[in-house]
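Novice: Just passing along the structure, written as structure tokens.
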Amino acid sequence: MSRKLKHKDKKPVNIIAHNNPKSPITEQYRLIRTNIQFSSIDQEMKTIVVTSSEPNDGKSTTAANLAVVLAQEGKQVVLVDADLRKPAVHYAFNLSNIQGLTSVLTKQTNLGKAIAKTDVPNLDILTSGPIPPNPTELLNSKAIEIAIAELKGTYDYIIVDTPPVLVVADSQVVANRCDGVILVVASGKTNKQSAVKAKELITKANTTLLGVVLNGIDMDTSNYYYYHSQ
């Protein structure tokens with residue numbers, strides 16, 4: 001099965017945690033998983049938004065691999081593609097995107113029919129569905145609250161991939177309905193001012209910033225993911 005995203009405007013999403021579970025990079029995703037679980041001691045962290053400050057910082061790769069390592073631990077996980085402008089999840093897992101989140105939110109189908117199985121045990125996918133003309137309005141609707149509540153009744157973790165927080169308001173809207181946010185920044189690409197502004201916007205969304213993932217650090221010719229908890 002192909003594991004590469006083919007969207008011309010996005011970097012490939014490599015599901016390395018599934019393809020190479022012994023990789024040092026996979027171990028970094030496990031570290032993120034551990035930090036999230038420690039964050040859950042005092043506060044439930046079932047619904048987690050993954051965003052970035054800017055495009056192509058690696059948020060979709062982080063979301064997908066985090067979902068995989070959580071599933072590898074035996075947790076029931078669903079990865080939701082709430083990037084309704086440039087969705088990536090269906091490419092990464094080689095799935096159809098004829099129906100998905102937008103289909104559920106517009107009541108064209110239900111979650112049971114929209115959710116797809118993967119060859120990763122314990123991991124399901126809710127793709128974005130057709131790109132709508134009004135992404136922010138859909139994500140700010142009562143329908144998504146209902147959908148998230150239904151997912152929480154079935155899954156241990158809901159990982160939500162959202163657009164870059166500095167580009168559109170979608171991430172803030174979704175984050176307000178979730179337990180916490182992971183911010184992804186790219187080494188050598190994301191400037192400090194953008195990262196600080198992204199953090200401010202996440203804080204204003206009345207949610208918890210769980211930590212920051214710094215990716216793109218070259219170590220032994222591989223990308224290295226570093227997680228800094230808040």
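Novice: For a quick protection proxy, order the peptides 102-109, 155-162 by their average other-Cβ count within 10 Å, most packed first.
Specialist: Top to bottom by mean Cβ count within 10 Å: 155-162, 102-109.
Novice: Check T208: other-chain or 5+ apart residues with amide H under 5 Å from its amide H, H built from backbone geometry?
Specialist: For T208, whose amide H was placed from the backbone, the distant partners under 5 Å are G180, V181.
Novice: Now a separate question. What ranking do 130-136, 43-49 get when scored by the average of other Cβ atoms within 10 Å per residue, highest first?
Specialist: Ranking the peptides 130-136, 43-49 by packing returns 43-49, 130-136.
Novice: With a 10 Å radius around each residue's Cβ, average the other Cβ atoms per peptide and rank 203-211, 175-183, highest first.
Specialist: 175-183, 203-211
Novice: Same structure, new question: When only C-alpha pairs under 8 Å and at least 6 residues apart count, what is the relative contact order of the chain, in percent?
Specialist: Dividing the mean separation by the residue count of the chain yields 26 percent.
Novice: Which order do S52, S39 take when ranked by solvent-accessible area (1.4 Å probe, heavy atoms of all protein chains), largest first?
Specialist: These residues rank, largest area first, as S39, S52.
Novice: In whole Å, what is the distance between the alpha-carbon centres of the range 158-184 and the range 41-84?
Specialist: After rounding, the separation between the Cα centres reads 10 Å.
Novice: Now for a separate question. Just check the chain against the gyration tensor rule for me: Cα atoms, a ≥ b ≥ c as the square roots of the eigenvalues, rounded for a/c under 1.5, and otherwise prolate or oblate depending on whether a/b exceeds b/c.
Specialist: Verdict is rounded for the chain.
Novice: Got a number for carbon plus sulfur as a percent of the chain's accessible area, 1.4 Å probe?
Specialist: Using a 1.4 Å probe with all protein chains present, the chain comes out at 51 percent carbon and sulfur.
Novice: While we're here: At R0 = 35 Å, how high is the FRET efficiency between D156 and K107 if r is their beta carbon distance? Nearest 0.05 is fine.
Specialist: 0.85
Novice: Follow-up question, since we're still on this one. Which residues does the label zone of N191 cover in the range 149-174, counting backbone N under 19 Å from a point 7 Å along Cα→Cβ?
Specialist: 164-168
Novice: Quick one: accessible area per residue over the chain, 1.4 Å probe, rounded to a whole number of Å²?
Specialist: For the chain, the solvent-accessible area averages 45 Å² per residue.
Novice: Given points 7 Å out from each Cα along the Cα-Cβ axis, report the I41 to E200 separation in nanometres with one decimal.
Specialist: That separation, rounded to one decimal, is 3.3 nm.
Novice: Using heavy-atom solvent-accessible surface (probe 1.4 Å) with all chains present, what is the largest-first order of I41, I125, I16? Walk me through the intermediate numbers first.
Specialist: Details: I41 120, I125 0, I16 25 Å².
Per-residue accessible area, sorted high to low, gives I41, I16, I125.
Novice: Taking a 1.4 Å probe, which of H90, H18 shows the most accessible area, and what order do the others take after it?
Specialist: Correct descending sequence by accessible area is H18, H90.
Novice: For the range 90-124 and the range 15-30, what is the separation of their Cα centres, given in Å?
Specialist: Taking the Cα centre of the range 15-30 as reference, the centre of the range 90-124 is 24 Å away.
Novice: I98 to K22: extension gain in nm, 0.36 nm per residue of separation minus the Cα-Cα distance?
Specialist: Details: separation 76, 0.36 × 76 = 27.36 nm, distance 3.41 nm.
The I98-K22 span can extend by a further 24.0 nm.
Novice: Skipping prolines and chain starts, which residues have an amide H placed within reach, meaning under 5 Å, of the one on Q76, given they are 5 or more residues away or on another chain?
Specialist: Counting only residues 5 or more places away or on other chains, the set is D156, Y157.
Novice: Moving on to the next point. Residue-wise, which Karplus ³J(HN,Hα) couplings in Hz belong to the range 99-111, taking 6.51 cos²θ - 1.76 cosθ + 1.60, θ = phi - 60°, and x for glycine or proline?
Specialist: Karplus values, whole Hz, x for Gly and Pro: 9, x, 4, 5, 5, 6, 5, 9, 6, 7, 7, 10, 4.
Novice: For the range 42-54, what does the Karplus curve 6.51 cos²θ - 1.76 cosθ + 1.60, with θ = phi - 60°, yield as ³J(HN,Hα) per residue in whole Hz, taken in order and with x for Gly and Pro?
Specialist: Once rounded to whole Hz, the list reads 9, 9, 4, 10, 9, 10, 10, 8, 10, 9, 9, 7, 9.
Novice: Tabulate in residue order the Karplus-calculated ³J(HN,Hα) for the range 83-93, using 6.51 cos²θ - 1.76 cosθ + 1.60 with θ = phi - 60°, rounded to whole Hz; enter x for Gly and Pro.
Specialist: Result, rounded to whole Hz: 8, 7, 10, 9, x, 10, 4, 5, 5, 4, 9.
Novice: In terms of modelled amide H atoms, which long-range or inter-chain residues lie less than 5 Å from the amide H of V50?
Specialist: V160, D161, T162, I182
Novice: Given Cβ point charges of +1 (Lys, Arg) and -1 (Asp, Glu) and nothing else, what value in debye, to the nearest 20, does the dipole of the chain about its Cα centre take?
Specialist: Working: 25 positive and 21 negative charges, 88 e Å.
Around 420 debye, computed over the chain.
The values are calculated or read from the model by the stated rules, or taken from the named source; none is laboratory data. Owing to the predicted nature of the structure, the values given are computational and were not obtained by experimental measurement. Cβ: placed from backbone, ideal geometry, glycine included. Neighbour counts: every protein chain shown. These area figures cover heavy atoms from the full protein model, side chains too; ligands, DNA and RNA do not enter into them. Shrake-Rupley method; radii C 1.70, N 1.55, O 1.52, S 1.80 Å.
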